[in-house]
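Below: one structure, written as structure tokens.
Please treat every number below as a calculation from the coordinates, not as lab data. Here the structure is a predicted model, which means the values were calculated and not measured. Backbone-built Cβ (ideal geometry, glycine too); neighbour counts: all protein chains shown.
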Amino acid sequence: MPERSIGTVTLFLDNIRISTNVPLEQFPSKQEKNNRAIGTLVSDEVGQQVLIEGETWINRAFVFNDWYISGYSPLYDIRGKRVGMVYAGFSEAPFLHNYLLNIIELGTILVIVLFLSGFLVYRGANSLLQPIEYIHQVVTAVQAGRNVRIGNLGLNKENELANLAEQFDRMLDQLQRRNAQIQAAAEQLEIKVEQRTRSLQDKTEELERNVALLHATRQQLVTNEKLTALGELIAGIAHEINNPTAVILGNMELLKYELGDDAKAVEEEIDLVIQQVK
């Protein structure tokens, strides 16, 4: 048994302890060991399963004032009637204490081992982390627009990080050449765009002049067409007026000639008509 653990046995008559070494105190002194829990009752759960149902109880149980790992078995008289129980068990607290203590000890050992392992891993990986940190700084500088390279990391040429740094520097050189080519192409494209824009502006101005000339010509044509139509209208009107007036004038002169001397009475009116017709 662990230290301070108590092994207990009890004889029950029905559900009453009539003989037991279960102490009244949880951790009895030498003087209190004789103070036993005689006359106390078993728990209702245990009494139900053992006394009433006649089954054996093997589990933790609350015995008087503490938890015990317990075993209860029913007792029978000579006629087979259940008249009580017999109990044996030991207190649970010392085992839980030892269990928790073992967990703490194992946890402490595990933490120490993990700490030492982490320290050793850190020391072993420090030679790897420093080149990686330097590579990260170079990458950050390149992203900021600076023209830097990783260069020699002080590692063996066959080291993977050394090969990575060499390939990265080579890639940066290629990117720089590509950027120079792209910049030159962009400048040429800008010059061509400027020339094309200037040409388009000249053509636009010429087109605007042509459009203005076209509008003026069109306006002149419209005016000429209006004048032509007006001339035709006037000619038609003049023709329509000349025909009857010529008839009137001819007939008036013929009338004056036919009347002869008799026309003197109305000569003034005839001359007025002729004058107005002309």
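For the chain, with only Lys/Arg (+1) and Asp/Glu (-1) charged at the beta-carbon, what is the dipole magnitude about the Cα centre, in debye rounded to 20?
3060 debye
In whole Å, what are the Cα extents of region 173-274 along the three principal axes, biggest one first?
Projected onto its principal axes, the Cα set of region 173-274 covers 129, 17, 11 Å.
Between the DSSP loop rule and a limit of at most 10 other Cβ atoms within 10 Å, which GluC sites (Glu not before Pro) in region 99-173 are left?
E158
Provide the three semi-axes, in whole Å and in decreasing order, of the ellipsoid equivalent to region 7-91 as defined by the square roots of 5 times the Cα gyration tensor eigenvalues. Please list the in-between numbers first.
Details: eigenvalues 106, 36, 18 Å².
The three semi-axes for region 7-91 are 23, 14, 9 Å.
Rg to Rh ratio, the chain, alpha-carbon atoms and Kirkwood radius?
Answer for the chain: 1.90.
Evaluate the relative contact order of the chain (contact order divided by residue number), counting alpha-carbon pairs under 8 angstrom at least 6 apart; express in whole percent.
10 percent
Measure out, as a whole number of angstrom, how far apart the alpha-carbon centroids of region 132-160 and region 169-215 sit.
First find each Cα centre; the distance between them is then 38 Å.
Among T223, I109, A184, which residue has its Cα furthest toward the positive end of the charge dipole of the chain, with +1 on Lys/Arg Cβ and -1 on Asp/Glu Cβ?
I109
Beyond 15 Å, what share of the Cα-Cα pairs of region 235-278 is found? Please give it as a whole percent.
Result: 44 percent of Cα pairs exceed 15 Å.
So, with +1 on the Cβ of K and R and -1 on the Cβ of D and E, and no other charges, what is the size of the charge dipole of region 214-261 about its Cα centre, to the nearest 20 debye?
Details: 3 positive and 6 negative charges, 83 e Å.
It works out to roughly 400 debye.
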